[in-house]
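Enquirer: Take this structure first; my questions come after.
The values are calculated or read from the model by the stated rules, or taken from the named source; none is laboratory data. Fair warning: this is a prediction, and the values are worked out from it, not measured in the lab. Virtual Cβ from ideal backbone geometry, glycine too; neighbours counted across all protein chains shown.
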Amino acid sequence: MIKFLTLKINLFLWFITTISTFNDMKELKCGLVGCGRIGCGYDEKPDEFLIRTHAMSYIKNNHTKLVSLCDVDKNKLKKYGKIYSVRNQYTDFKEMLKEESLDCLSICTHGDTHLKFVTEAVRKNIRGIMIEKPISDSLNNAEKIIKLCKQKKVILAVNHQRRFNPFYQKISHLLKEGKLGKIQRVNLMYGGGIANTGSHIFDVLRLFFGEAKSIKSELSKNSSHKNFDPNLEICIEFQGGFIVNLCPLDLKNYGILEIDIFGTKKRLSIDLVTNENKIFSSSRVSQDYKKLEKLKKLINFSYPPTDIRFGINNLIYCIKRKKIPVCTGYDGYKSLEIVIASMLSNKLEKKILLPVTNKNYKIKFR
C-alpha cells in the first residue's frame, strides 16, 4: 500500500524553494519580456495561495527584484507596470538589456521568438534565463539556444511547471520503484492543441516513464479550433515496451487533463490540473479475475498545483549555487521533439521513430 508521503514531499519543497541560507545575499535584478497571461496576466487579481505568473514569482522571492518589463504593447506595459510596481518599461528588448544590467530574465513570448531573445541576452552577462515552453519552434533552434547558454555559462531553465513540482517528482520516484508494478498501459485525456498542451504533457511522460521510442498520430475529430496547433490522436511507444494513448477533447465543451496509469499491481489516476489522485489496488479474485478496489490513502500534497514559484525559485537557487536546474534545456528539447514527431506523423501518415532527424521542421504559434 502506498503510504502518506507528505513529509518527504515537504522536505523536497523546502530544498528547491528555500534560499535563506545563501552566502550570497545580493538581490538579483530580474527582467521579463512578454507581458501576456503567463508573464503577467494570470495574477491580475492576486490569489492568496496560488502564484501563476513569472512577474509575481519574482516579486514574492526574497532574493529577487523585478526591475523591468518589455512588450511591444504599450497598454500592457502601462497596465502591468502599475499592478506590479515596475517603473522601467520597454518596447525595445535591446534597450532594456542595455539599460538594466539584469542578472536574470524570463522569456514569456511565442516560441518562434525565443532564439533571438536568448541570442541578445547572453551577450549582456545574464546569469540565468527562464524560458517558456516550448523551448523553441524547431529542434535546430532549440539546439542553438542550448549551445549559446552553455558557451556563455548562462543557466537555462524551461518552464515545464510540473517537473519543478515536488508532487510529480514523488510520483516519478514511486513509478521507478515499481510501486504500481510493471506498467501495462497509460491513457491521457487532453485538449487545446498538441503544441500548447502537449509540450507540458510530454515532459510529464518523460519524467514518469523515460524516453519515447516511436510515435503514431492522426488528426482528431475533436477539434482544437486552431489550424496551426491541432488536436491529435496519438499512440506513443516507450522504451519500456508499453503504450501511452493521448485522447483529445474539444475544450469548447469542457476541459479535462487527466492521466490514468495501469500497472500490474495498482492503478493510479491523476488530475494534472489539481493534482487530485486516486489509487486502486487489485483485490481478491471475483469469478475469473481480480478486481480493483480504491485505497483509502492518497498521495498527499497540500501546496498549490501549478505555482510557478517552484520553477523561479529553483532557477534563483541554481544561479546562486551554480547548480543544474530541475528542468533543463535538454528537457525542453526532448519535449519539443515529441511535439514535432507527433505533427510529422500526422502529416506524413506514418510512424515516426525517435530521435527525430528533421531538425528544421517548425511548429507554428499563430
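Enquirer: Which of (1) assigned to a loop (DSSP other than H, G, I, E, B); (2) more than 22 Å from G329 (Cα to Cα); (3) β-branched (V, I, T) is the odd one out, the single condition I135 does not satisfy?
Expert: Here I135 meets the rest and fails (2).
Enquirer: Now for a different question. Could you check, for the stretch 256-273, whether at least one of its residues is touching a Ser or Thr at 6+ places or on another chain (Cβ under 9 Å), surrounded by fewer than 16 Cβ atoms within 10 Å (Cβ to Cβ) and among the hydroxyl-bearing types (S, T, Y)?
Expert: yes
Enquirer: Still on this structure, please answer the following. Which one of these is of a type in the set (S, T, Y), buried (at least 20 other Cβ atoms within 10 Å of the Cβ) and over 26 Å from C104 (Cα atoms): S224, S214?
Expert: Of the residues listed, the single one that is of a type in the set (S, T, Y), buried (at least 20 other Cβ atoms within 10 Å of the Cβ) and over 26 Å from C104 (Cα atoms) is S224.
Enquirer: Go through the stretch 30-84 and give me each residue that's polar (S, T, N, Q) and either surrounded by 15 or more Cβ atoms within 10 Å (Cβ to Cβ) or free of Cβ contacts under 8 Å to residues at least 24 places away in the same chain (or both). If you could, list the steps in order and put the result at the bottom.
Expert: Step one: of the stretch 30-84, the residues polar (S, T, N, Q) are 53, 57, 61-62, 64, 68, 75.
Answer for the stretch 30-84, where residues must be polar (S, T, N, Q) and either surrounded by 15 or more Cβ atoms within 10 Å (Cβ to Cβ) or free of Cβ contacts under 8 Å to residues at least 24 places away in the same chain (or both): T53, S57, N61, T64, S68, N75.
Enquirer: Oh, and also: Being assigned to a loop (DSSP other than H, G, I, E, B) and farther than 18 Å from L257 by Cα is the filter here; which residues of the stretch 227-246 pass it? Walk me through it before giving the result.
Expert: The initial filter retains those residues of the stretch 227-246 that are assigned to a loop (DSSP other than H, G, I, E, B), namely 227-231, 239-242.
N227, F228, Q239, G240, G241, F242 - these are the residues of the stretch 227-246 that are assigned to a loop (DSSP other than H, G, I, E, B) and farther than 18 Å from L257 by Cα.
Rundown of residues vs (1) polar (S, T, N, Q); (2) touching a residue at least 60 places away in the same chain (Cβ under 8 Å); (3) within 21 Å of C108 (Cα to Cα), yes/no style:
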{"residue": "I256", "(1), (2), (3)": "no, yes, no"}
{"residue": "Y317", "(1), (2), (3)": "no, yes, yes"}
{"residue": "L336", "(1), (2), (3)": "no, yes, yes"}
{"residue": "M343", "(1), (2), (3)": "no, yes, no"}
{"residue": "K347", "(1), (2), (3)": "no, no, no"}
{"residue": "T357", "(1), (2), (3)": "yes, no, no"}
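Enquirer: Do the conditions hold for I126, that is, is it without any contact (Cβ under 8 Å) to a residue 40 or more places away in the chain, closer than 20 Å to C318 by Cα and outside any helix (DSSP H, G or I)? Step through it out loud before you land on a result.
Expert: Details: without any contact (Cβ under 8 Å) to a residue 40 or more places away in the chain: yes; closer than 20 Å to C318 by Cα: yes; outside any helix (DSSP H, G or I): yes.
So I126 passes the test.
Enquirer: If a residue has to be hydroxyl-bearing (S, T, Y) and surrounded by fewer than 20 Cβ atoms within 10 Å (Cβ to Cβ) to count, how many in the stretch 91-120 make the cut?
Expert: Going through the stretch 91-120 one residue at a time, the tally reaches 4.
Enquirer: Then there's this: Of these, N165, N125, N159, which one is closer than 20 Å to I59 by Cα and modelled with pLDDT under 95?
Expert: N165
Enquirer: Further, regarding this structure: Consider the stretch 326-346. How many of its residues are surrounded by fewer than 23 Cβ atoms within 10 Å (Cβ to Cβ) and part of a loop (DSSP other than H, G, I, E, B)?
Expert: Number of matching residues: 1.
Enquirer: Of all residues in the stretch 45-87, which are of a type in the set (S, T, Y) and on the phi < 0 side of the Ramachandran plot?
Expert: Selection gives T53, S57, Y58, T64, S68, Y80, Y84.
Enquirer: Being of a type outside the set (D, E) and within 24 Å of Q151 (Cβ to Cβ) narrows it down to one of L102, L77, L66, so name that one.
Expert: L102
Enquirer: Give I146, I171 a once-over and let me know the one that is touching a Gly at 6+ places or on another chain (Cβ under 7 Å) and surrounded by 13 or more Cβ atoms within 10 Å (Cβ to Cβ).
Expert: Details: I171 fails: touching a Gly at 6+ places or on another chain (Cβ under 7 Å).
Checking each option against the conditions leaves just I146.
Enquirer: Would you mention how many residues in the stretch 303-334 are over 24 Å from K153 (Cβ atoms) and of a type in the set (S, T, N, Q)?
Expert: Of the residues in the stretch 303-334, 1 are over 24 Å from K153 (Cβ atoms) and of a type in the set (S, T, N, Q).
Enquirer: For K296, state whether it is free of Cβ contacts under 8 Å to residues at least 40 places away in the same chain, surrounded by fewer than 14 Cβ atoms within 10 Å (Cβ to Cβ), in a loop (DSSP other than H, G, I, E, B) and not small (G, A, S).
Expert: yes
Enquirer: If you don't mind, another one. What helices (runs of 4 or more DSSP H) completely inside the stretch 1-117 contain at least 1 residues that are modelled with pLDDT of 95 or more?
Expert: 54-60, 74-83, 93-100
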